[in-house]
Every structure is written in structure tokens, then in C-alpha cells.
1. Can you compute the radius of gyration and Dmax for the stretch 1-53, using only the Cα atoms, both in Å?
2. Hydropathy first: keep DSSP H helices in the chain averaging at least -1.0 on Kyte-Doolittle, then drop any whose Cα extent along the axis falls short of 18 Å, and list what survives.
3. Only helical DSSP H runs with n ≥ 4 go in: add -39500 (n - 2.57) per run for the chain, normalise by residue count and round the 222 nm mean residue ellipticity to 500 deg cm²/dmol.
4. Please report, in whole Å³, the volume per residue of the convex hull around the C-alpha atoms of the chain.
5. By how many nm would the segment from Gln24 to Phe83 lengthen if fully extended, with 0.36 nm per residue of separation less the alpha-carbon distance?
6. Does a label point 7 Å from the Cα of Asp92, set along Cα-to-beta-carbon, have any residues of the stretch 7-34 with amide nitrogen under 17 Å, and which are they?
7. Of Tyr73, Asn62, Leu86, which is farthest on the positive side of the dipole of the chain, counting Cα position, with +1 on Lys and Arg Cβ, -1 on Asp and Glu Cβ, and the Cα centre as origin?
8. At Asp50 and Asp107, where each label point lies 7 Å from the Cα along Cα→Cβ, what is the point-to-point distance in nanometres?
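All of the numbers you see were taken from the coordinates with simple rules; none came from a lab. Nothing here was measured: the structure is a model prediction, and the numbers come from that model. Positions of Cβ are backbone-derived with ideal geometry, glycine not excepted, and every protein chain shown enters the neighbour counts.
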Amino acid sequence: MRSYSKAVKKKMSHLAGLAHQREQEEYLAKLAEKFDAWRKKEIDCWDLTDAIHQFHQKDAQNVYKVYDSNDDYDIQVARGIRFGLLKREEVDEDVLTSIEDLLRALDDARGNKGEG
């Protein structure tokens, strides 16, 4: 992570944690749907077991890898904005200004023009 003021880094840390929580909750909600389907007898225990395995071995691991580093708060926040985990309105202007180049890089990598 590049150097930022202590105040901006603290805000980024909080926002990265929020993005992490929201992304994990998205995967947990999908897993909860599988439990509901199993309770309704729409899927069998093997399908549910496969869904649990998918969550534990792939989904949760991938999320963990994204948010594992305390040195990447800026990247985590930019990613959170671009993936819709964080709303721009939640992010203070000083943080947005600090990560503007990262947001542009993510847009370029995705072939989008972005929101600015």
C-alpha cells in the first residue's frame, strides 16, 4: 500500500472490513438458500454437502485471500466500490481521491469507463 495519512488509512481499514463482511455475507446467503432448499426437500443431503464444501474450500478461501493483507486496504476499498460492496456515498472524499487511480485501473482491467 502506498503511504496515506493516518486518518485516511484508518478510514480505509474500516471500509475494507466492511467490504470483507459484505462479500462474505453474500456467499453465506447463497449457502443459506441451499440449507432452505434442503429443509424443503428440494435437494438431498449430498447436494447440500457439496454446497458446504464449495463454500468452505473455494468461496470463503477466495474471500480470505482478498482481505488477508493489512497492506492492501486501498486495493480492497477500490475493489469493494467496483464490485458494489461499498457505495460511493459511504466513502469519504479524501479516501476516494486517494484511490482514484486504483479505481481507474480496475475499470481499465474490466474494460469499463467507471463512474469517475
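1. Final numbers for Rg and Dmax: 18.2, 54 Å.
2. Correct list, ordered by number: 6-39, 93-110.
3. -23000 deg cm²/dmol
4. Once divided by residue count, the hull of the chain is 116 Å³.
5. Numbers: separation 59, 0.36 × 59 = 21.24 nm, distance 1.31 nm.
Residue separation times 0.36 nm, minus the Cα-Cα distance, leaves 19.9 nm.
6. 7-19
7. Ranked along the dipole, the leading option is Tyr73.
8. 4.1 nm
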